[in-house]
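One structure is given below, encoded as structure tokens.
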Amino acid sequence: VQLQASGGGLVQAGGSLRLSCAASGRTFSNYNMGWFRQAPGKEREFVSAISRNATTTYYTDAVRGRFTISRDNVKNTVYLQMNSLKLEDTAVYYCAAGDTWGILTAIKTYGYWGQGTQVTVSS
């Protein structure tokens, strides 16, 4: 499966952005989907994930209550709505797809990655 992330940009603290990740090449509904981020000088970290049929979602504590993950299995797209953005949310955001059993918060669960989209939050 090929993944194309978009929607990043520059936003002031307290603002909102919606990231999208369009999938192609395979049956999208077969994949659990995740969002990860990597800030300069830091390791890539888990942000959010959603199960194949959207019945289960996961969030890291730092974004719970501010970010919402969703998916549209007809449009083959997963979204990350980011509200009340903070300076510390600044990072490159990556979408990922996984079709094997595993912990959805773990990087190793995902075998397919998009190219990343930059999110910059300014004061």
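The values are calculated or read from the model by the stated rules, or taken from the named source; none is laboratory data. If you're wondering where the values come from, they're calculated on a predicted model, not measured in any experiment. A quick note on method: Cβ atoms are made from the backbone with ideal geometry, for glycine too, and the neighbour counts reach across all protein chains shown. What goes into the accessible areas is simple: the full protein's heavy atoms, side chains included, and nothing from ligands, DNA or RNA. Shrake-Rupley method; radii C 1.70, N 1.55, O 1.52, S 1.80 Å.
Accessible area per residue for the chain, computed on protein heavy atoms with a 1.4 Å probe, is 51 Å². Measuring nothing but how far apart in sequence close Cα pairs (under 8 Å, 6+ apart) lie, relative to its length, the chain scores a relative contact order of 36 percent.
Annotation: amide H of Arg66 has no partner in the under-5 Å range at sequence separation 5 or more or interchain, hydrogens built in the peptide plane. For Lys42, the lysines whose Cα comes closer than 20 Å to its Cα, not counting residues fewer than 8 places off in the same chain, are Lys86, Lys108.
As a rough guide to protection, the peptides 28-34, 111-117 ranked by mean Cβ packing within 10 Å, highest first, stand as 28-34, 111-117. Please work out the FRET efficiency for the pair Ser29 and Ser6, using the Cβ-Cβ distance as r and a Förster radius of 22 Å; give the result to the nearest 0.05. Calculated transfer efficiency: 0.60. Taking trypsin sites (Lys or Arg not before Pro) across the range 40-87, the ones in a DSSP loop with at most 11 further Cβ atoms lying within 10 angstrom of their Cβ are Lys42.
In terms of accessible area, using a 1.4 Å probe and ignoring ligands and nucleic acids, Thr27, Thr77, Thr60 rank largest first as Thr27, Thr60, Thr77.
Can you tell me the length gained on complete extension of the stretch Trp113 to Asn73, counting 0.36 nm per residue apart and subtracting the Cα distance? List each step's numbers first, then the result.
Values: separation 40, 0.36 × 40 = 14.40 nm, distance 1.78 nm.
Going from the current span to full extension adds 12.6 nm.
Across the protein chains, with a 1.4 Å probe defining accessible surface, the residues Asp99, Asp72, Asp61, Asp89 rank Asp61, Asp99, Asp72, Asp89 from largest area downward.
For Lys86, the residues whose modelled amide H falls within less than 5 Å of its own, excluding neighbours fewer than 5 places apart on the same chain, are Gly14.
What the phi angles of the range 109-123 give under the Karplus curve with 6.51, -1.76 and 1.60, with θ = phi - 60°, is a coupling list of 6, 9, x, 10, 9, x, 7, x, 9, 7, 10, 10, 10, 10, 8 Hz, glycine and proline written as x. Across the range 35-49, computed HN-Hα scalar couplings (Karplus, 6.51 cos²θ - 1.76 cosθ + 1.60, θ = phi - 60°) run 10, 10, 9, 9, 8, x, x, 10, 7, 5, 10, 5, 10, 7, 8 Hz from first to last residue, x flagging Gly and Pro.
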